[in-house]
Amino acid sequence: MPNVRSTESLQLLVEHVIASVVAFLLYLLPAAMDYLLHHPGSNVNIAEFDKECGVGVVVTAEEIKDIVSSSPAAMYYHSCFA
């Protein structure tokens, strides 16, 4: 069993939790709300709902870091304070 108290293990866990929360709040939740607003009633096609909401799409912590670090705000920060 891996040592979950190691710095690397904890960092990996935190990165995956953050990536999941970010994906949920920024994409999955708004997409789900939009889908349900445009498909009123109780007869929801679950497969279509999942597809429209991005269920199963995987975004790694590294991909998030790359996108955030290349954002205009990050570039401005680095140009002023680096």
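When region 1-54 is filtered for residues that are over 12 Å from the mean Cα position of the chain (by Cα), of a type in the set (D, E, K, R) and either in a helix (DSSP H, G or I) or closer than 16 Å to K65 by Cα (or both), the ones remaining, listed by number, are E8, D34, E48, D50, K51, E52.
Just for region 55-77: of the residues that are of a type in the set (A, V, I, L, M, F, W, C) and in a helix (DSSP H, G or I), which one is surrounded by the fewest Cβ atoms within 10 Å (Cβ to Cβ)?
Step one: list which residues in region 55-77 are of a type in the set (A, V, I, L, M, F, W, C), which gives 55, 57-59, 61, 64, 67-68, 73-75.
Next, from what is left, pick out any that are in a helix (DSSP H, G or I): 61, 64, 67-68, 73-75.
On the way: A61: 17, I64: 16, I67: 11, V68: 11, A73: 8, A74: 12, M75: 11.
Among those that are of a type in the set (A, V, I, L, M, F, W, C) and in a helix (DSSP H, G or I), it is A73.
Within region 30-54, track down each residue that is surrounded by 10 or more Cβ atoms within 10 Å (Cβ to Cβ) and hydrophobic (A, V, I, L, M, F, W, C).
Just the residues of region 30-54 that are surrounded by 10 or more Cβ atoms within 10 Å (Cβ to Cβ), to begin with: 30-36, 39, 44-45, 48-54.
Once the filter is applied, which keeps residues that are surrounded by 10 or more Cβ atoms within 10 Å (Cβ to Cβ) and hydrophobic (A, V, I, L, M, F, W, C), region 30-54 yields A31, A32, M33, L36, V44, F49, C53.
Mind listing just one residue for me: the one in region 8-23 that is surrounded by 13 or more Cβ atoms within 10 Å (Cβ to Cβ) and not acidic (D, E) and, of those, nearest to A61 (Cα to Cα)? Walk me through how you get there before you give the answer.
Taking region 8-23 first, the residues surrounded by 13 or more Cβ atoms within 10 Å (Cβ to Cβ) are 12, 15, 19-20, 22-23.
Checking the rest, the ones that are also not acidic (D, E) come to 12, 19-20, 22-23.
On the way: L12: 9, A19: 6, S20: 9, V22: 10, A23: 10 Å.
In this case the residue turns out to be A19.
Residue pairs whose Cβ atoms lie under 7 Å apart, separated by 6 or more positions or on different chains, with the first residue in region 58-82 and basic (K, R) and the second surrounded by 10 or more Cβ atoms within 10 Å (Cβ to Cβ) and assigned to a helix (DSSP H, G or I), do not occur.
Each value in this text was obtained by applying a stated rule to the coordinates, not by laboratory testing. In this text the structure is predicted, and so the values were computed from the model without any measurement. Virtual Cβ from ideal backbone geometry, glycine too; neighbours counted across all protein chains shown.
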